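Heads up: the structure comes next, in structure tokens.
The values are calculated or read from the model by the stated rules, or taken from the named source; none is laboratory data. All values reported here derive from a predicted model rather than from experimental measurement. Cβ atoms come from the backbone with ideal geometry, glycine included; neighbour counts cover every protein chain shown.
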Amino acid sequence: MALTSSPYAAHGNMPWQRRHGGGRAVNEDAMRKATKIMWMMRLVRQAGMAAMLAGLSAGIGLPACAQAAAAEVRMPSLEGQRFEESTVLGDRTLRLNGLGLRGVAWVKAFVAGLYVAAPSKDAGQLLAMQGPKRIRLKIMLNAPSHELTKSLTGRIEDHEPPEVLAKLSERLARLAGLIDSVGDLKPGDVLDLDFIPDKGVHLRVNDKAVGSAVAGDDLYRAVLKIFVGEHPVDRRRREGLLRGGY
């Protein structure tokens, strides 16, 4: 006589027993093993998901193009012009101090970025700072480079004392000639005015050197004053360039 201690026994339908008449039911041991395997698979999936999320948060496992796009989005920008947070010049790493727009009304000429070894909000400190520096201009309209030359030289001649101009005049004319030689500037062009100690002021356009260096940190200081000095061409641009870093 069959045991009937279980509520299921009276119906002959225990979930983990064989049915009479050859019908198959799930064996108790098999059920336990299946349950164990399911839990293990769930734990493995959870661990894999956690590892994947950790990798994504660190940029690991993303395609190179996706990582580059993400990095570009994080770059400092102004009016759609993006700038690297740092650059290397003369074996020194320079950091972006700030960005400033040069424009009149709705006309936007260029966005300027200032790179220095030690970012600062103090214009006097930046002007006196030793070491390499870079003023990067990202051009936003079509214009002859002579227009840039006139703005640069005119501002220096208007605000530097006569004794300083006497020392700068010949070298300033050489720098003006280099800028004039560039010809037409167009949107997308990148113009760098670099200073490297013991070498002088370098002009680069679209990462190509233009002519040879013009000697003198005093010349570069006069150029930098146009951007961050007491008599800047554009005061709003000056404020942006004096951000003090990113």
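Computed quantities for the displayed model
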| item | result |
| --- | --- |
| Qualifying residue in segment 196-208 (condition: of a type in the set (V, I, T), at pLDDT 95 or above and closer than 23 Å to A128 by Cα) | yes |
| Enumeration of residues in segment 71-125 that are over 20 Å from G229 (Cβ atoms) and among the hydroxyl-bearing types (S, T, Y) | S77, S86, T87, T93 |
| The listed residue being at pLDDT below 95 and among the hydroxyl-bearing types (S, T, Y), out of S145, S151 | S151 |
| Unique match (being touching a Gly at 6+ places or on another chain (Cβ under 9 Å) and either assigned by TED's automatic domain parsing to the domain that holds K225 or closer than 15 Å to L191 by Cα (or both)) among A128, A117 | A117 |
| Candidates L178, L185 - the one that is in contact with a Pro (Cβ under 9 Å, 6 or more places away or on another chain), more than 24 Å from Q130 (Cα to Cα) and modelled with pLDDT of 95 or more | L185 |
| Wholly within segment 117-236, helices (runs of 4 or more DSSP H) carrying at least 3 residues that are surrounded by fewer than 17 Cβ atoms within 10 Å (Cβ to Cβ) | 123-128, 145-159, 162-180 |
| Positions within segment 95-115 being surrounded by fewer than 23 Cβ atoms within 10 Å (Cβ to Cβ) and touching a strand residue (DSSP E or B) at 6+ places or on another chain (Cβ under 6 Å), in sequence order | R95, L101, R102, G103, A109 |
